[in-house]
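Have a look at the structure below, then the notes.
The values are calculated or read from the model by the stated rules, or taken from the named source; none is laboratory data. Quick caveat, the model's predicted, so the values are computed rather than measured. Heads up, the Cβs are rebuilt from the backbone with ideal geometry, glycines too, and the neighbour counts pull from every protein chain shown.
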Amino acid sequence: MNLKGFLNLLIVYIVWGSTYLAIRIGVREGTGFPPFTFAMIRLLVASSLLFLLAFLLKKKLKPTRRELMILIFSGFLLWNGGNGIVMWTEQKVDSGYAALMMGTMTIWVSLIERIMDRMRITITLIISLISGFLGIVFLNLKVLIDFDIESIVYLLLLLLAALSWGTGTLVQGRKKVDLHPIVSSAYQQVAGGIGFLVMRIFFNEPIPKFSLETTLALVYLIIFGSIIAFTAFVVALKLLPSGIVMTYAYVNPVIALLLGWLILDEKITGWTIVGTILILLGVTGIFRERYGKKTSLEMYNIVENTIRRRGRK
């Protein structure tokens, strides 16, 4: 556990937080790609590069039939169900808003785990869930008061996307496969890419018109979002406790919100700030309930040891 782990986690924070901005630039209505075409190109190219990387690193490439089914199913939930809905909604909704709604993934995962494992529901969990759901209400207060049907549909779709991504994460975590993470990710992304190809044909999306802006967004998502950040995530998991690494779930929405405001001039209102704080408090509470004080102590020890090592040099 050292400075290298924190640097890799910082990459995950910044890059995965910025992918919502890149998606918004890539698919926004009027100037972007058709969403499923955009996602298809991203995943098929990224998975090809990941397979090439795994081959060069001489990693095992062939899964068993059971492993392949797990990777296809989890890939569908993560990419087609989770990321695909985000792609479609970000044609119209702000990137920061989409990221905050996806930040509720931790809430859904916690609920699903409790139901599946028949675990006791604690006071901390109840308060955290209430805080998270109140945050969703405050973020969408004007939409709910005005009863804007279109915006309510986008809200429900993004919550469904968070549920799908969270379920895919649980499937991936509970159904172990004997493959290197790069190989697993490659199979999941190629499965998602094929899924988006089918969706592109079904919805009869037009041939995309390439522009410098959308092309750069696509390249950024392929290289940084799917390869560099993923590799950094794997390294961080090896060097740091999982409880610390998983904090990306509540750091990424803040990064996305700030980048959307700075670069795309997305509005941040008082209700946005209140809703954001409540959602992040809810997610933080769930992490504390799951990991307790151990994560904070581990974080302190890592920082202390890093400072000592640097002081000796």
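For the residues Leu156, Leu56, Leu100, the requirement of being without any contact (Cβ under 8 Å) to a residue 40 or more places away in the chain and within 21 Å of the chain's Cα centre (by Cα) singles out Leu156.
Filtering region 181-198 to residues that are in contact with a helix residue (DSSP H, G or I) (Cβ under 7 Å, 6 or more places away or on another chain) and more than 13 Å from Gly81 (Cβ to Cβ) leaves Pro181, Ile182, Val183, Ser184, Ser185, Ala186, Tyr187, Gln189, Val190, Gly193, Leu197. Cβ-Cβ contacts under 6 Å between residues 6 or more apart (or on different chains), taken from a first residue in region 13-24 that is over 9 Å from Pro253 (Cα atoms) and modelled with pLDDT of 90 or more to a second residue that is outside any helix (DSSP H, G or I) and not β-branched (Val, Ile, Thr), are listed as Ile23/Glu90; Arg24/Glu90. Gly275 falls short on exactly one of the conditions (1) of a type in the set (Gly, Ala, Ser); (2) under 27 Å from Tyr97 (Cβ atoms); (3) at pLDDT 95 or above; (4) touching a Leu at 6+ places or on another chain (Cβ under 8 Å), and that condition is (3). Only a single item in (1) aliphatic (A, V, I, L, M); (2) within 17 Å of the chain's Cα centre (by Cα); (3) surrounded by fewer than 20 Cβ atoms within 10 Å (Cβ to Cβ) is not met by Met87, and it is number (3).
Filtering Thr104, Thr89 for residues that are among the β-branched types (Val, Ile, Thr) and modelled with pLDDT under 95 leaves a single hit, Thr104. Condition first: surrounded by fewer than 20 Cβ atoms within 10 Å (Cβ to Cβ), of a type in the set (Val, Ile, Thr) and touching a residue at least 40 places away in the same chain (Cβ under 8 Å). Can you find one or more residues in region 208-218 that meet it? There is no residue in region 208-218 that is surrounded by fewer than 20 Cβ atoms within 10 Å (Cβ to Cβ), of a type in the set (Val, Ile, Thr) and touching a residue at least 40 places away in the same chain (Cβ under 8 Å).
Per this entry, Ala191 is not counted among residues that are within 23 Å of Asn252 (Cβ to Cβ), modelled with pLDDT of 90 or more, within 19 Å of the chain's Cα centre (by Cα) and surrounded by 17 or more Cβ atoms within 10 Å (Cβ to Cβ). Here the condition is being in a helix (DSSP H, G or I), in contact (Cβ under 8 Å) with a residue 24 or more places away in the chain, surrounded by fewer than 24 Cβ atoms within 10 Å (Cβ to Cβ) and under 19 Å from the mean Cα position of the chain (by Cα); of Leu50, Leu44, it holds for Leu44 alone.
I want to confirm something. Restricting to region 233-255 and keeping residues that are at pLDDT 85 or above and crowded, with 19+ Cβ neighbours inside 10 Å, which single residue is nearest to Gly173 (Cα to Cα)? Across region 233-255, the extreme among qualifying residues is Asn252.
Restricting attention to region 133-154, report how many residues are over 13 Å from Val274 (Cβ atoms) and part of a helix (DSSP H, G or I).
Number of matching residues: 11.
Exactly one condition in (1) acidic (Asp, Glu); (2) surrounded by 18 or more Cβ atoms within 10 Å (Cβ to Cβ); (3) within 19 Å of Leu264 (Cα to Cα) is false for Glu29; which is it? Going through the list (1) acidic (Asp, Glu); (2) surrounded by 18 or more Cβ atoms within 10 Å (Cβ to Cβ); (3) within 19 Å of Leu264 (Cα to Cα), Glu29 breaks only (2). Of all residues in region 5-41, those satisfying the criterion of being assigned to a loop (DSSP other than H, G, I, E, B) and either closer than 19 Å to Ile85 by Cβ or under 17 Å from the mean Cα position of the chain (by Cα) (or both) are Arg28, Glu29, Gly32, Phe33, Pro34.
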